[in-house]
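Here's the structure, in structure tokens; my notes come after.
Derivation of every value follows stated rules applied to the coordinates shown; laboratory data play no part. Nothing here was measured: the structure is a model prediction, and the numbers come from that model. Positions of Cβ are backbone-derived with ideal geometry, glycine not excepted, and every protein chain shown enters the neighbour counts.
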Amino acid sequence: MSTTDTTARQSTDVATTISTFTGRYVSLLPTFAAITILIALLVGAELYFGNFLTPRNVSALLLDNAYLMVLAVGMTFVIVTAGIDLSVGSVMAFTGILGASLIASGIPVIIVIPVMLVAGAAIGLLIGVLVQYFNVQPFIASLAGLFLGRGLAYVVSLNSIRVEDPVLVWMRTRIPLGDFYIAPTGIIAIFTVIIGALVMHFTRFGRTVYAVGGSEQSTRLMGLNVARTKVMVYVISGLCGGLAGLLLTAYTGAGYPRNGIGTELDVIAVVVIGGTLLTGGRGYVLGSMIGVFVFGTIKTIISFMGAEQSWTHIIVGVLLLVFVVVQRAIVSRSQQKE
Amino acid sequence: MSADTEVQPIVKMCGITIAFPGVLALDGVEFRLLPGEVHSLMGENGAGKSTLIKALTGVYSLDSGTITVAGRERRFEATADAQAAGISTVYQEVNLCANLSVGENVMLGHEKRKYGAIDWRATYAEAEKHLAGLGLEIDSRAQLARNSIAIQQLVAIARAMVLDAKVLILDEPTSSLDRGEVEQLFGVIRDLRDTGVAILFVSHFLEQVYEISDRITVLRNGKLVGEHVAKDFPKDALVAEMIGRELDDLAAISDRADRAIDRSGTPVLKATGIGKRGVLSPADLEVYKGEVVGFAGLLGSGRTELVRLLYGADRSETGEIQIDGKSVRIHTPRHAIDHGIALSSEDRRAEGVVADLTVAENMILGIQARRGWLHPISKTEKDAVVKEYMSALGVRPANPNVPIGNLSGGNQQKVLLARWLATAPELLMLDEPTRGIDVGAKADIQRKVAELSEKGLSVIFVSSELEEVLRIAQRVLVLRDRRAIGEIESHSVDLDGLVDYIANSEEVSVMR
Amino acid sequence: MKIVKHRLFWPAAALVTLLIINTIANPNFARVTLQDGQLYGNPINILRESAPLMLVALGMTLVIATRGIDLSVGAIMAVSGAVALTILDASENPGGLGSVAVAVVVAVLVGLVLGVWNGFLVSVLGIQPIIATLVLMLAGRGVALLITGGFITTVNSAPYKFIATGYLVVLPVAFFIWVAAVVIVSVLERRTALGMLTEAVGINPEASRLAGVRSRGIIWTAYIASGVLAGIAGVIFASNTMAADANSAGYLIELYAILAVVLGGTSLMGGKFSIAGTVIGVMTVQALNSAILFLGVPPAQAPVFFAAVVIIVVLLQSPRVHSYGRSVGQLLGVGVKPTREDKKEVAA
């Protein structure tokens, strides 16, 4: 390996640049692929329908998928540590119905919102503790979280609860931006992505998340706090679940215990499509955002074509497959280099 | 650098005792490490070296005894505690994160920060400073995985420098390095020593130990045997202390192996130009009936690569293989097995034993795989195979129904040997069959190989212990830098001659 | 003390405890009555209703033994149910034995094909099982929806309905189906060498490859078995409801199946598996389910109980809890020798 590096450096500048580039940014490739697909989808749809990239559609893309974006941020943290969190959909449903029911019983929203977030984080904490301190596999621990969240949602209420609190109504108010518009829910989602990306890239905690995903054993031997990091990623994912519950309740104007059934799979799919490796150690929050946009665009295209929405999952499934095969090729190539 | 005992030790370990279920891994061991010295910790596998290191780095907790670092008694609960006390470790298998950049691995957990956020520019500058301090000029922003193991090892040392280590533990750092890389590493070690860092060095290579060490501590069976100044401690005395008994057994094996092989007929295996780009230059090899051919060369010389290609564990790109004069295609291990070739891999744990299955199941796995799942081995047949090999190889404990994972390395190796012998191969390839096992099991295995080859089994025997290769093989294929460089009749050469040949022979030649 | 050490002791003990609690809480729970030569009652219902989960869990056991997981079983059930009912719906004589046979065979074949697909992704392309099967889990229900055209197809067919609700002698047909499946799979795994080779591949794939085990075929077989069994489960599920509901057929069954397998003492890390354990695990899940119903808890809230069970079970299996248990045992003067397992793990 070192010899090929040396030869590359001695040859032309172009080769050097390429070698340096692949040496540094090879892990960005899947995310670039996701961006390419997103652009291709958008351009293709515009060419086909002629009226696809309207301000209304583009604005809706963000607002319709705000909750998904928030969940994807939390999931990215978990998957980068080589874990998985199946509980996010039901945590979102639980915190959503919990918030709606508390508001309906007259508790001020300033108290309700923190309660929703803490409830989400608490389920995350439970999962994290099971994973870290009791050696439970993430799949199983978060499966318990999935059951727990869903069951608790039904314990709170078996039916949908309408929310007419002014704060939540305000959260879905559209703010015009020229021909485009945005709502506070969308702004919150974007902020979550930005904060997530900054934490991942510019804090020691974020870097430890990557290190744990690369090799947990090494990270421990390097003297870093693996236990805290692993518990924290599940807490963050749970917190994101709580926030998504808030956004979805505000967006739909109601809490509903059947919300988010199967959403955990959508979230995992968008995170993978966004370039995060399920084996851990590589991935980007911004990539996951791209993944959400790909997902949302496919959904919009299908409703534009008037086709069955069931096609969405078929196409996302196929896309997921393509990405995983490509990732697999990349990983096995880089392993050969070692 | 003289080992002046007047100097206050930086590390003092007293009465260290650590017990595992059924084993006293360390029994009241005393150890001290002086600042500015390179101190080698020696002992056979199972002597307690790793356990002592893990006690010093906070991986294991002590059952009794004390650790004093820089005059203060310490209790290490985790690696982080040991690092805080100035003790850093570089492990054989390089414990860094391959998915992160070189610079990040150096600085992880100690990144430079500005306004609470990581200042990447300053962080990489700091990393490069430490790398440059070790004479490393590599792209610190490139992924670690893109560098060779040797570079990664140096990166690990750079990380220790960031932690301001007063004590640096190097656990088998040279086992995957070539000669030039070892020189580079030793240069770095000497520089560090001269700045006052205490270095604890563990290696299997005696020459390297003598080249770099100021003092040597020998452990045997979890007990301290002695502490010596390296230059006043001859090699044979070291070996005697490590082994603790004369090896008459092994001398007898040598006599048995020293016999003439009839090479007039068709070879059992004839490989012509077998190779793979980036793995092994095309190599030729012939093995005759009843012959033991040794492969000699350093780790990474191509010896393991060649047996893997012959076995189809990796697929060769060039060359032809003939079995009993007939040209055959070997692309997968199945093909090899069908042609009567067996390989016992060098990595016993990852590629050999199936840990949760019983000893008996591990033994019959080879035959069962060959027959396919539709033709299960009957209980009678299984019992017969198990009984035969349990006693023939002296597997301990003699209970075939315990999971093989509970056995010692030597006994696991015997079970793997049984797995292959049970398939009645024509050619048995043993890659490092005696690595990491105790002396008794080593002798048992060598004796068995000698006995089987006398009965007509052809064997390829790969080992990094050259004495072993010379003792057991009639002919030695020498490899270097992923190339077969020649063949030697083992009676025509002694150990020094073979070492010299591996190190210095230039042209490809066949000495007969 | 030897019986306590048996790997099925704790799963069985958990099941028995659950049944006892149920019976004490409500003596009607254990009541079985004989009417017209057919047995009725809660225990019989458990035996009948456990058929789909039992079949799916059986396949899941084999897949988990190879170190894999099959998330797509619920989707396969939905597809196979949809196929069966759509064929019946389209046939001229839905009540005829011929059309029912065709519907069942085609539905099971579809399950087989989907299993082949999963196995291909995992064993040939080398994709992580959780993702490879996630693809079908996502896409499968979409396919089922397309087959049914988005509607809940309902069919009238007495012979088809017989599969899930009929009786043979005194016991439900569905019970006989799963018993047959358990027997066939057990014989296939334990009377041939398939079981041992599967375990070898699950424990150490590379060592198995070098030992000459055809691991690709063995892993593939496990996914195919899982697909076929899920296909049969889909047929039974559809027969029970006589409506092809692409959304609710087999919903969450993959998770219940995994839970049942783990309850039965098979580790998710692959390797050693126990079919008897899985049978006990499925019974436990079913008993818990009917206990929850019996206690008057709304079915929707049942997941809270399952969450509690999952947590209790994984805690009981956790080495950390074992070592607490030992120290408590020591304090109480129980003659349990302390071992240093944690340490040994680090050493290994």
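Descriptive notes on the structure:
- Loop GluC sites (Glu not before Pro), segment B:106-184, which have at most 14 other Cβ atoms in a 10 Å radius of their Cβ (DSSP): B:Glu137
- Cross-link reach is defined here as a Cα-Cα straight distance under 18 Å, omitting same-chain residues fewer than 8 places apart; for C:Lys161 the aspartates and glutamates meeting it are C:Glu49, C:Asp89, C:Glu92, C:Asp245.
- Point-charge dipole on Cβ atoms (K/R +1, D/E -1) for segment C:125-230, about Cα centre, debye to 20: 120 debye
- Cleavage-rule hits (trypsin sites (Lys or Arg not before Pro)) in segment A:248-312: DSSP loop, at most 15 neighbouring Cβ within 10 angstrom: A:Arg258
- Dimensions of segment C:233-311 from C-alpha coordinates, computed as largest minus smallest value along each principal axis and given longest first, are 38, 30, 18 Å.
- When the C-alpha to C-alpha distance is required to be over 18 Å, the pairs from B:Lys387/C:Lys272; B:Lys289/B:Lys448; B:Lys12/B:Lys231 that qualify are B:Lys387/C:Lys272; B:Lys12/B:Lys231.
- Of the trypsin sites (Lys or Arg not before Pro) found in segment B:391-457, the ones in coil according to DSSP and having at most 12 other Cβ atoms within 10 Å of their Cβ are B:Lys455.
- Anisotropy class of chain B from Cα gyration tensor, a/c 1.5 cut: prolate
- Karplus-derived HN-Hα couplings along segment A:124-140 (A = 6.51, B = -1.76, C = 1.60, θ = phi - 60°), whole Hz, x at Gly and Pro: x, 4, 4, 4, x, 5, 4, 5, 7, 9, 10, 6, 7, 5, x, 4, 6
- Three-way shape label, segment B:331-434, alpha-carbon gyration tensor, a/c 1.5: oblate
- Sequence of A:Ile301, A:Ile39, C:Ile130, B:Ile169 once ranked by neighbouring C-beta atoms within 10 Å, starting from the fewest: A:Ile39, C:Ile130, A:Ile301, B:Ile169
- Sorted largest first, the principal axis extents computed over the alpha-carbon atoms of segment A:65-286 equal 53, 44, 28 Å.
- Here the contact order of segment B:66-223, divided by its residue count and restricted to Cα pairs under 8 Å and six or more residues apart, works out to 25 percent.
- Environment charge of A:Gln132, counting only residues whose C-beta is closer than 11 Å and scoring Lys/Arg +1, Asp/Glu -1: +2
- Helix C:319-331 and the longest principal axis of the C-alpha atoms of chain C enclose an angle of approximately 50°.
- Rounded if a/c under 1.5, otherwise prolate or oblate - segment C:2-301, Cα gyration tensor axes: oblate
- Per residue, the average separation of C-alpha pairs within less than 8 Å and at least 6 apart gives chain B a relative contact order of 14 percent.
- 24 Å tail of the calculated P(r), segment A:19-143, as % of Cα pairs: 53 percent
- Per-pair calculated FRET efficiency, R0 = 45 Å: C:Phe294 and A:Ala329 via Cβ, rounded to 0.05: 0.25
- Exposure proxy for A:Thr31, B:Thr434, B:Thr66, A:Thr20: other Cβ atoms within 10 Å of each Cβ, ordered fewest to most, give B:Thr66, A:Thr20, A:Thr31, B:Thr434.
- Percent RCO, i.e. relative contact order, over segment C:117-195, from Cα pairs under 8 Å lying at least 6 residues apart: 11 percent
- Highest-fluctuation residue, A:Met200, A:Met289, A:Met69 considered, GNM on chain A with Cα pairs under 10 Å: A:Met200
- Here the residues A:Val271, A:Val88, C:Val228, A:Val115, ranked from fewest to most Cβ neighbours within 10 Å of their Cβ, fall in the order A:Val115, C:Val228, A:Val271, A:Val88.
- Placing a pseudo-label 7 Å from each Cα along the Cα-to-Cβ vector at A:Tyr133 and B:Asp284 gives an inter-label distance of 6.8 nm.
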